[in-house]
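Notes follow the structure.
The values are calculated or read from the model by the stated rules, or taken from the named source; none is laboratory data. Note that the structure is predicted; figures quoted are calculated from it, not measured. Here the Cβ positions follow ideal geometry from the backbone for every residue, glycine too, while neighbour counts run over all protein chains shown.
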Amino acid sequence: MKVIINEEAKEYMKKKGWDEIYIEAGTRGCCGSAGIYVTSIHKGEPKSQKHLYKMYESEGKKVHVPRFMPVVDNTIEIGTEEFLGFKNLAILNLKEYISE
């Protein structure tokens, strides 16, 4: 798998002092809706269930990725997104995913 950190995400990580991140992923559902795949990116290494992650390096940054991550073309692209005025790291190329 290839991990790409775009320029905006690199700047965000530099500003925050982050050299290592992990992607937390799972499905969420509510009110009869099907499971929706949700991700969030955090500083450091996974806090638990480390065996479910694989570590990759991208331009000197360590990125821990869930082994089951549904991505396009075996590549994870990390960028930024803004919501309600708060900027965060985000996965830009997740495959559509619906739990059964």
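The residues of region 9-34 that are charged (D, E, K, R), surrounded by 14 or more Cβ atoms within 10 Å (Cβ to Cβ) and modelled with pLDDT of 95 or more, listed by number, are Lys10, Glu20.
Filtered by the rule that a residue be at pLDDT 90 or above, among the charged types (D, E, K, R) and within 16 Å of Trp18 (Cβ to Cβ), region 55-80 gives Glu57, Lys61, Lys62. Within the span defined as region 35-44, one or more residues are assigned to a loop (DSSP other than H, G, I, E, B) and either among the polar types (S, T, N, Q) or modelled with pLDDT under 90 (or both). The numbered conditions (1) surrounded by 10 or more Cβ atoms within 10 Å (Cβ to Cβ); (2) modelled with pLDDT of 90 or more; (3) hydrophobic (A, V, I, L, M, F, W, C) are all true for Leu84 except (1).
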